[in-house]
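Here is the structure we will look at, set down as structure tokens.
Nothing in this text is a laboratory measurement; each read-out follows from the coordinates by a stated rule. This is a predicted model, so every value here is computed, not measured. Here the Cβ positions follow ideal geometry from the backbone for every residue, glycine too, while neighbour counts run over all protein chains shown.
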Amino acid sequence: MEVSGPEDDPFLSQLHQVQCPVCQQMMPAAHINSHLDRCLLAAAAAGSASPRSWDEAEAQEEEEAVGDGDGDGDADADGEDDPGHWDADAAEAATAFGASGGGRPHPRALAAEEIRQMLQGKPLADTMRPDTLQDYFGQSKAVGQDTLLRSLLETNEIPSLILWGPPGCGKTTLAHIIASNSKKHSIRFVTLSATNAKTNDVRDVIKQAQNEKSFFKRKTILFIDEIHRFNKSQQDTFLPHVECGTITLIGATTENPSFQVNAALLSRCRVIVLEKLPVEAMVTILMRAINSLGIHVLDSSRPTDPLSHSSNSSSEPAMFIEDKAVDTLAYLSDGDARAGLNGLQLAVLARLSSRKMFCKKSGQSYSPSRVLITENDVKEGLQRSHILYDRAGEEHYNCISALHKSMRGSDQNASLYWLARMLEGGEDPLYVARRLVRFASEDIGLADPSALTQAVAAYQGCHFIGMPECEVLLAQCVVYFARAPKSIEVYSAYNNVKACLRNHQGPLPPVPLHLRNAPTRLMKDLGYGKGYKYNPMYSEPVDQEYLPEELRGVDFFKQRRC
């Protein structure tokens, strides 16, 4: 179960993409050594880092092996006819963008088939997972330059952590960065997923960690993805071993750890809150992937794009993407980097499969071998902006609380918004309807007694017709409640009564005799019902006590306690 690098598996090394430190090209890890030799020789001969792409160079090597040509396998000194040529300025700009999220440089030209091969077999979100904190974007509050956690990570002093955040915010990526850094310091990094791991798997890892610590003085970091899937007894397995330092535990969860993680375990870990990625970080992440794929971004603000002229030069990009398509994808991803990158991958593969070519744009002619990814393509790849909502988690309680407080504050727009967030996220409409019944008496009460009728009618209507037809019933009820006058008179008075009962010292006072029922002769002889005045028989107000003698004079509507 110990994590191994792709270099240990020949098959994985074919899928794993690495970047050449000389020319910045992306290629399978299995080819990096031979490529570097050619790259350095070509750089020395040409005076610049401009070798051909790795697949073309290997193709020429095969030709030389069978004696084809004149034996001169070097690239042209100027690199102009080289389809894999990377302009030095563009390479520098691309590197700067990856580090700081700056402009959008022109990427190295790649053939369509090269792009297809890079995208096949592995999700783009996994391929583009960064190995260093310098390429980890959007979480400056958690791991920014001046944060305590970043200082600990850089000094390799890793405490036990619980990484809490929404899907696609970078929890697993941060663990991956810690793993990469740990291997450099001979620290074991083991990863398990609570979705399929069993308690015995955890015990095996802990036993190995004990052996490593005893015999080799080697630390072990255990990463548990989706740790909230472990029940409380399974989480108890970690307690003594985290306490004594046998393992350093890193857990990732999308659920509030206060509810889903054992309190004893939580007290031994530092909770790191990762937020939904902002749009700016999403653009940076997407552009990093676009540059690595060799896709050229078309700038809609420029009337004539420098690469939009008709040409058959093989050194020009084969694939383009509209800049507004990148922005749209960043917005629709809703802070989920995994969704954004996989949406980009799906859009690119779909266009490559269909081979739909564009010939004219803004009066300019394009090479028929080029492919354009438009805003509509990325929308289809992502389908729609997915709504972050968990019917069983914290978001469920957050949204119903926001709905309740928006209606209480008479904000009809906010009330409709939070209702839609819940319903579109898959919430049970009957749950919302039940909460509205409660709201009708708790917050509106006697200020508008018909509110309770509205709520019960909405509940019955939802029960009859269900979703999606019942959404308008709930919307009508929510708007009615937001506009209705509010009164907590009854709600407060009843709370005062409950407080009075809880705070009463000694036995509760008996029911006064004149208020008791007297169905038998014996009970009448004991004085049950004696002296009771039947109100309908009197034309004038009846002076009669109804509270026990100890509570006479108490007004629950004006005071909080007895």
Practice problem: May I ask you to derive the FRET efficiency for ASP236 and ASP146 from their Cβ-Cβ distance with R0 = 30 Å, giving the value to the nearest 0.05? | Solution: 0.25
Quiz item: Can you tell me the Rg and Dmax of region 139-273, counting just the alpha carbons, in angstroms?
Solution: 14.0, 40
Quiz item: Using a simple spin-label model with points 7 Å from Cα along the Cα→Cβ vector, what separation in nm is obtained for SER300 and LYS530?
Solution: 9.1 nm
Self-check item: Qualifying trypsin sites (Lys or Arg not before Pro) for region 513-552 [loop in DSSP, other Cβ within 10 Å: at most 16]
Solution: ARG516, LYS530, LYS533, ARG552
Exercise. Considering Cα pairs under 8 angstrom that are at least six residues apart, work out the relative contact order of region 139-273 and quote it in whole percent.
Key: 35 percent
Quiz item: Nearest 0.05, what FRET efficiency do LEU515 and GLU424 give at R0 = 41 Å with Cβ-Cβ as r?
Solution: 0.15
Quiz item: Share of Cα-Cα pairs in region 390-477 beyond 20 Å, in percent?
Solution: 28 percent
Quiz item: What pairs in LYS122/LYS379; LYS207/LYS232; LYS207/LYS276; LYS232/LYS405; LYS524/LYS558; LYS498/LYS524 have C-alpha atoms more than 28 Å from each other?
Solution: LYS207/LYS276; LYS232/LYS405; LYS524/LYS558; LYS498/LYS524
